[in-house]
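Written out below as structure tokens is the structure these notes cover.
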Ligand code: SF4
Ligand code: SF4
């Protein structure tokens with residue numbers, strides 16, 4: 001499950017591919033689409049592998065991409081099962 005994502009400002013991109021090369025989990029590829037300057041901006045090809053580390057953003061010379069962490073999607077640790085009190089015990093506890 002993805003723990004991060006990226007935001008791309010496609011019109012700033014000059015298609016250098018640094019973000020693609022330096023992503024440690026190979027999330028990105030250059031798109032076949034062109035921006036208005038005639039470059040191919042990156043897009044996510046493996047979004048589930050993004051950690052939100054922002055290495056892509058640190059290497060981008062044009063501030064055209066940045067990575068960010070998304071909300072934790074794993075369920076919280078479930079404590080060991082405990083027996084629920086019997087209904088009569090629960091009632092007594094309330095009355096005290
Ligand atoms: S935030 Fe990290 S894992 Fe996600 S695309 Fe950028 S470099 Fe890759
Ligand atoms: S590093 Fe920046 S300018 Fe280069 S391809 Fe990626 S987004 Fe575009």
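Each value in this text was obtained by applying a stated rule to the coordinates, not by laboratory testing. In this text the structure is predicted, and so the values were computed from the model without any measurement. Glycine gets a Cβ as well: all are built from the backbone with ideal geometry, and neighbour counts include every protein chain shown.
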Label-point separation in nm, residue 45 to residue 63, each point 7 Å along Cα→Cβ: 2.9
Region 1-62 shape via C-alpha gyration tensor axes, a/c threshold 1.5: prolate
Simple spin-label estimate for residue 32 and residue 11 in nanometres, 7 Å along Cα-Cβ: 2.6
